[in-house]
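Data block below; observations after.
The values are calculated or read from the model by the stated rules, or taken from the named source; none is laboratory data. Computed from a predicted model, the values in this text were never measured in an experiment. Note that we place each Cβ from the backbone using ideal geometry, even for glycine, and neighbour counts take in every protein chain shown. These accessible areas exclude ligands, DNA and RNA; they are computed on the full protein's heavy atoms, side chains included. Shrake-Rupley method; radii C 1.70, N 1.55, O 1.52, S 1.80 Å.
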Amino acid sequence: MMLKEMQKLPEAVQLIEKASMMYLENGTPDTAAMALERAGKLIENVDPEKAVQLYQQTANVFENEERLRQAVELLGKASRLLVRGRRFDEAALSIQKEKNIYKEIENYPTCYKKTIAQVLVHLHRNDYVAAERCVRESYSIPGFNGSEDCAALEQLLEGYDQQDQDQVSEVCNSPLFKYMDNDYAKLGLSLVVPGGGIKKKAAATPQAKPEGTTATAAEEDEDEYAGGLC
């Protein structure tokens, strides 16, 4: 605590980690977990990478004690920090671990939200296949198929695959996405489809001119680009 007052946060965290190990060796895992979580909060704004490590360590302590609700809460903190740091590969793994625990404790509605978070992370990784697989695997979660979460994700994936930015933006601006944790809501709002939003649609057939009319060169040029460059 004195090191904290002196703004020597890395040194303070080192001592807290050492204390937590002693608590574990002494058979007081709850106190060890509390110490590690405190260290994570202390260093979060200075060294997010270290904070992620500390939150994951705390989650492991709780998981070993079969206190899964506390464990998943700390994993959630780690996942959000990973997303904030745009460490999407690690975030995808962390969210999957959260989802597995929520499934184990039968908190199915939160599993749906974690599937949304997973899909957003995978799409920011430009991995449509992994995003689609997440949704497909989630059909086995009770109640997911037919839920508004499932319908929204199917619409999102369809829009992304068809490079329809309007459809993707509509889904990501819906209350279901906007009122998620702030880090995931931002992922939705910043999601851009590949190809710059040019839809995979056939070009419209130009209308035929009435018989007996002759187009000028200028009109022909205008007609050539009337449908836009896309």
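In table form, for the structure just shown:
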{"item": "Portion, in percent, of the accessible area of the range 69-124 that falls on carbon or sulfur, probe 1.4 Å", "result": "46"}
{"item": "Distance from the range 113-128 to the range 83-111 (C-alpha centre basis), Å", "result": "11"}
{"item": "Solvent-accessible surface (1.4 angstrom probe) belonging to residue 103, in square angstrom, nearest 10", "result": "90"}
{"item": "Given charges at beta-carbon only (K, R positive; D, E negative), |dipole| of the range 71-175 in Debye", "result": "620"}
{"item": "Local electrostatic count at residue 153 - Lys and Arg +1, Asp and Glu -1, tallied over other residues with Cβ under 14 Å", "result": "-3"}
{"item": "Rg/Rh (Cα only; Kirkwood hydrodynamic radius) as it applies to the range 37-144", "result": "0.99"}
{"item": "Surface accessible to a 1.4 Å probe, residue 192 within the full protein complex, Å²", "result": "100"}
{"item": "Accessible area (Å², 1.4 Å probe, nearest 10) - residue 28", "result": "50"}
{"item": "Cα-based shape type of the range 1-96, given that a ≥ b ≥ c are square roots of the gyration tensor eigenvalues and the cut on a/c is 1.5", "result": "oblate"}
{"item": "Residue 28 paired with residue 140, simple spin-label distance in nm, labels 7 Å along Cα-to-beta-carbon", "result": "4.2"}
{"item": "Inter-site label distance for residue 130 and residue 68 at 7 Å from Cα along Cβ, in nm", "result": "2.5"}
{"item": "Qualifying GluC sites (Glu not before Pro) for the range 76-159 [loop in DSSP, other Cβ within 10 Å: at most 15]", "result": "106"}
{"item": "Student exercise, the range 4-80 dipole from Lys, Arg, Asp, Glu Cβ charges, in Debye to nearest 20", "result": "220"}
